[in-house]
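Chemist: One structure, as structure tokens, below. Some questions next.
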Amino acid sequence: MSEVFGMEHRQAELRQPEKAGSAYLSLGPEEIEAILNAETRGLCVTSAEGRCRFVSQALCNQLGYSGHELLDCPVTQFIPFLDESFLKRGRQGIHAEEFHVPRRDGRAFPARIEITELTAVGQSTGFAIFVTDLSDEKHIEEVLQKAERLASAGRMAAAIAHEINNPLEAVTNLLFLLRNQELSRESTHLLSLAESEIGRVSRIARQTLAFYRENGKPVRVDLRELLNVSVDVHAIRIPELRVHRRYRTAQMISGYAAELQQVFHNVIANSIDAGATDLWVHLHRSTGSAQGRRGVRVSIADNGCGIDPSVRSRIFNPFITTKGEKGTGLGLWVSRGMILRHEGSIRLRTSTRPDRTGTCISIFLPQ
């Protein structure tokens, strides 16, 4: 093992130093190797010219190489940032910088690289280079940043809810006055939809992006009615949208109508934003696959562009969006939270194949 890591099989006679400082007894090469490999950071010891004389097992694990492959190689061969200018800064004292270090398989990981010059009898013998993998640290930072963004979104949502309540009341009053006018059947229908949507906006404002839960107990909800309202609103906005409805059950469920309405609106709006020209809305009895509970399943499918594989596994996370600057990345995250509050489940299937693009959202809700 010592040969792999550049250690010679000979007794190392380490004597008590004459000056005040550390103290030690004679150590064998195996003991020295064990001490160096006990360092959790990756460690590389180079010659004065920057060629590798020793690598620890931790560094081999980080980079994906064996010790034999790294010994006597220029350190820049596997850590390209350690050029002459970096080594020069190491001669001036302990120096540290952060880089993305490439692994053998081409992937890179964030790392803090520290370098210090080694001297013996006043002469430079090389450098000690320590590599600390920062992947976990960066992940924690990202989680904390997301938590702060969520907290900021909550504060902003509360402020928005407060500001829009007054104009919402004014619009509600105007719609009430329109009820006293003579209107055609179609206009009356459109007025009813407008009142329904204004009521929904008011509830959304109170919920402040799902940080507020509906008061009261759950009630019996007719999903057909909620789906029809959601589809009709978007169909009016996008007349060319072809909607295919298939309701195979009239089973009602226990839940919060406002939250479920918001979920259906979010899903259908996403389909339209994805360029869908056809929308399939299906409702049927089902059994939840996890606990075997009976309930109903809502499937909303489209022939839009589909969801890119790079974000597919994270699509229900907050601030993940495929809409660029136009999206907030909160719609599906909020929807998932609402479905979980109903003790249901939500899953997604999608395809970006040129001959078959589209997305299907499947929602199970217990009775």
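The values are calculated or read from the model by the stated rules, or taken from the named source; none is laboratory data. All values reported here derive from a predicted model rather than from experimental measurement. When we count neighbours, we look across all protein chains shown, and the Cβ atoms used for this are built from the backbone with ideal geometry, even at glycine. Protein only, heavy atoms only, side chains kept; ligands, DNA and RNA dropped before computing areas. Shrake-Rupley method; radii C 1.70, N 1.55, O 1.52, S 1.80 Å.
Chemist: Being modelled with pLDDT of 85 or more and of a type outside the set (S, T, N, Q) is the filter here, so list the residues in segment 113-129 that pass it.
Modeler: 113, 114, 115, 117, 118, 126, 127, 128, 129
Chemist: If the requirement is being surrounded by fewer than 16 Cβ atoms within 10 Å (Cβ to Cβ), within 29 Å of residue 295 (Cα to Cα) and either aliphatic (A, V, I, L, M) or modelled with pLDDT of 85 or more (or both), which of these qualifies: 220, 213?
Modeler: Going through 220, 213 in turn, the sole match is 220.
Chemist: Here are 294, 314: which of them is of a type in the set (Lys, Arg) and more than 30 Å from residue 220 (Cβ to Cβ)?
Modeler: Only one candidate qualifies: 314.
Chemist: Restricting to segment 307-349, name every residue that is modelled with pLDDT of 90 or more, under 12 Å from residue 270 (Cβ atoms) and open to solvent by 30 Å² or more (accessible area, probe 1.4 Å).
Modeler: Once the filter is applied, which keeps residues that are modelled with pLDDT of 90 or more, under 12 Å from residue 270 (Cβ atoms) and open to solvent by 30 Å² or more (accessible area, probe 1.4 Å), segment 307-349 yields only 348.
Chemist: Something else about it: Do we have residue 6 as assigned to a loop (DSSP other than H, G, I, E, B), open to solvent by less than 60 Å² (accessible area, probe 1.4 Å), of a type in the set (Gly, Ala, Ser) and at pLDDT below 90 here?
Modeler: So residue 6 passes the test.
Chemist: If you don't mind, another one. Of everything in segment 273-285, what is at negative phi and surrounded by fewer than 18 Cβ atoms within 10 Å (Cβ to Cβ)? Give them in sequence order. Lay out the reasoning, then the answer.
Modeler: Within segment 273-285, the subset at negative phi is 273-274, 276-285.
Of everything in segment 273-285, those that are at negative phi and surrounded by fewer than 18 Cβ atoms within 10 Å (Cβ to Cβ) turn out to be 273, 277, 278, 282, 284, 285.
Chemist: As an exercise: evaluate residue 145 against (1) in a helix (DSSP H, G or I); (2) open to solvent by 70 Å² or more (accessible area, probe 1.4 Å); (3) touching a strand residue (DSSP E or B) at 6+ places or on another chain (Cβ under 6 Å) and give the number of the one condition it does not meet.
Modeler: Residue 145 satisfies every listed condition except (3).
Chemist: On the basis of being polar (S, T, N, Q), surrounded by fewer than 11 Cβ atoms within 10 Å (Cβ to Cβ), modelled with pLDDT under 75 and on the phi < 0 side of the Ramachandran plot, does residue 152 make the cut?
Modeler: yes
To keep it simple, each residue is scored yes or no on (1) of a type outside the set (Ser, Thr, Tyr); (2) part of a helix (DSSP H, G or I); (3) over 20 Å from residue 105 (Cβ atoms); (4) at pLDDT 90 or above.
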residue: 16; (1), (2), (3), (4): yes, no, yes, no
residue: 19; (1), (2), (3), (4): yes, no, yes, no
residue: 33; (1), (2), (3), (4): yes, yes, yes, no
residue: 59; (1), (2), (3), (4): yes, yes, no, yes
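Chemist: Moving on to the next point. Tell me, which residue of segment 77-97 that is part of a helix (DSSP H, G or I) and more than 13 Å from residue 113 (Cα to Cα) is least open to solvent (accessible area, probe 1.4 Å)?
Modeler: First, pick out the residues of segment 77-97 that are part of a helix (DSSP H, G or I): 77, 84-90.
Checking the rest, the ones that are also more than 13 Å from residue 113 (Cα to Cα) come to 77, 84-85, 88.
On the way: 77: 124, 84: 111, 85: 55, 88: 119 Å².
Within segment 77-97, the match that is least open to solvent (accessible area, probe 1.4 Å) is 85.
Chemist: Now for a separate question. So, restricting to strands (runs of 3 or more DSSP E) that lie completely within segment 253-361, which ones have at least 2 residues that are aliphatic (A, V, I, L, M) and closer than 17 Å to residue 228 by Cβ?
Modeler: Working: elements: 253-255, 278-287, 294-302, 345-353.
Hits in segment 253-361: 278-287, 294-302.
Chemist: What about residue 358, is it open to solvent by less than 20 Å² (accessible area, probe 1.4 Å) and in contact with a Phe, Trp or Tyr (Cβ under 6 Å, 6 or more places away or on another chain)?
Modeler: Values: open to solvent by less than 20 Å² (accessible area, probe 1.4 Å): yes; in contact with a Phe, Trp or Tyr (Cβ under 6 Å, 6 or more places away or on another chain): no.
When the stated conditions are applied, residue 358 does not pass them.
Chemist: Filter segment 98-112 down to residues that are in a strand (DSSP E or B), modelled with pLDDT of 90 or more and of a type in the set (D, E, K, R), then give me how many there are.
Modeler: So the answer is 1.
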